[in-house]
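In what follows, a structure is listed as structure tokens, so that the remarks can point back to it.
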Amino acid sequence: MKVLILRPEELLEDTLKKFSEHGFEAYGCPFIKLRYVDFEVPEHDFAIVTSQNAARALKERGVKLKRVIAIGKKTAELIDAEEVLLPSKFDSETLYREFAEMLGGKRVVAFRSNAGSDVIRRLAEIADFREIEVYRIEKLQGEVQKKEIERVKAGFYDAIVFSSGMIARSFLELCNEECLKALEKILIVAIGPPTANVLAEKGVKAEIPEEYTFDGIIRLLKSKKM
């Protein structure tokens, strides 16, 4: 199975290796780039870390946190903290639903990108909430990306993995009607509901793994292999 994995450049190598080890013919292309920015760590009772990218930024600065709620197992592994909690599903909606009561009235900071889900911002209604931008996401839509769109239109891939909503938006902005038609014949996988919703806006139906991780995606793809 030929699988196109869409992730930022600095994260692709390890992901491609992982998929190759599981027997997939893995290809990668970055449709976004990450630009890290300076930030301060304010006083807080709880910290929310929404991605591996945010966790890496904290780790590189040597930031040690106290009580953290992390989205994703890999994110949790990167965090230096006294306690790390995880929602049952790795998305902002589940985090809000499961931890809103705990966070009510507390000082809460969320370390994230400039393009994070609005769901986390709802915490401002019940807590002393601050959003800390630790990196910015910028779309990549150059010749490399256009070449991948042409390969998609030619039917080169059996499956495409979209690992974030912003990646899906960047891809879809280059995807014309011919491209959208080609996607109908390809297995489309979104890492979670927010990403799937972005694809659905253009009529692209995506499957979502039971676990919103690359391990979950691999299990889903294996279940589809003939």
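The values are calculated or read from the model by the stated rules, or taken from the named source; none is laboratory data. Keep in mind it's a predicted model, so treat the numbers as computed, not measured. Quick reminder, even Gly has a Cβ in these numbers, built from the backbone with ideal geometry, and neighbours come from all protein chains shown. Ligands, DNA and RNA are excluded from the accessible area calculation, which covers all protein heavy atoms including side chains. Shrake-Rupley method; radii C 1.70, N 1.55, O 1.52, S 1.80 Å.
Calculated over region 93-144, the projected area of the Cα convex hull averaged across directions stands at 4.4 nm². Taking 4.7 Å between beta carbons as the limit, the unpaired Cys residues of the chain are Cys29.
Projecting the Cα atoms of Phe46, Asn176, Met166 onto the dipole axis of the chain, where Lys and Arg carry +1 and Asp and Glu carry -1 at the beta carbon, places Asn176 farthest toward the positive end.
Its residue count N fixes a reference of 2.2 N^0.38 Å for region 58-178, and the Cα radius of gyration divided by that reference is 1.33.
Counting helices only, and only those DSSP H runs with n ≥ 4, report the 222 nm mean residue ellipticity of the chain as the sum of -39,500 (n - 2.57) divided by its residues, in deg cm²/dmol to the nearest 500. Taken over the chain, the calculation gives -11000 deg cm²/dmol. How many angstrom separate the Cα center of region 43-64 from the Cα center of region 114-135? Distance between centres, Cα-based: 14 Å.
Taking the Cα centre of region 1-141 as reference, the dipole from Cβ charges on Lys and Arg (+1) and Asp and Glu (-1) amounts to some 200 debye. If you take the Cα Rg of region 1-135 and divide it by 2.2 N^0.38 Å, with N the number of residues, what do you get? Normalised Rg, Cα atoms only: 1.13.
Cα-Cα over 27 Å: which of Lys185/Lys222; Lys139/Lys205; Lys33/Lys66; Lys74/Lys146; Lys18/Lys64? Pairs exceeding the cut-off: Lys33/Lys66; Lys74/Lys146; Lys18/Lys64. Overall, the ratio between the Cα radius of gyration of the chain and 2.2 N^0.38 Å, rounded to two decimals, is 1.04.
Using a probe of 1.4 angstrom and keeping all protein chains present, the accessible surface of the chain works out to 50 square angstrom per residue. Given 20 °C and 1.002 mPa s, compute D for region 112-225 with the Stokes-Einstein relation, Rh being the Kirkwood radius over Cα pairs; round to the nearest whole µm²/s. Value of D from the Cα-based Kirkwood radius: 138 µm²/s. Computed 3J(HN,Hα) for region 188-198, one whole-Hz value per residue from the Karplus formula 6.51 cos²θ - 1.76 cosθ + 1.60 where θ = phi - 60°, is 9, 10, 10, 5, x, x, x, 5, 4, 5, 4, glycine and proline marked x.
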